[in-house]
Amino acid sequence: MAIPLGSLLLLVVFLVFVVGFIWWLLVLIEAVRTPTDVWRAAGQEQLVHILLMIFLGLVGTIVYVVVARPKLRAVTG
């Protein structure tokens with residue numbers, strides 16, 4: 001019994017959405033829980049990155065991961 005191609009595609013799209021949402025949520029929580037002093041020491045604005053993640057979704061999250069996260073991790077060691 002073969003699975004129809006449309007159903008398989010729908011399942012893949014759903015799984016990608018769920019995984020993307022979970023990743024977005026975990027990164028957002030990480031950004032919120034990072035102390036303000038660390039953000040200041042890294043020269044980044046916490047509120048800006050959190051708002052980008054909320055309003056731009058995955059695009060804002062990618063910006064955070066590429067721009068802010070490396071600087072935050074360099075400060076925390």
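The figures follow:
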| item | result |
| --- | --- |
| Some residue of the range 57-64 being in contact (Cβ under 8 Å) with a residue 24 or more places away in the chain, in a helix (DSSP H, G or I) and in contact with a Gly (Cβ under 7 Å, 6 or more places away or on another chain) | yes |
| Residue in the range 30-43 that is surrounded by 10 or more Cβ atoms within 10 Å (Cβ to Cβ), assigned to a helix (DSSP H, G or I) and in contact with a Lys or Arg (Cβ under 6 Å, 6 or more places away or on another chain) present | yes |
| Every pair of residues 6+ apart whose Cβ atoms lie under 6 Å, when the first sits in the range 27-52 and is in contact (Cβ under 8 Å) with a residue 24 or more places away in the chain while the second is among the small types (Gly, Ala, Ser) and in a helix (DSSP H, G or I) | 44/68 |
| Residue check, residue 4 more than 15 Å from residue 58 (Cβ to Cβ), at pLDDT 95 or above and not basic (Lys, Arg) | no |
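The values are calculated or read from the model by the stated rules, or taken from the named source; none is laboratory data. Since we're looking at a predicted model, the values are computed, not measured. Glycine also receives a Cβ, built like all others from the backbone with ideal geometry; neighbour counts cover every protein chain displayed.
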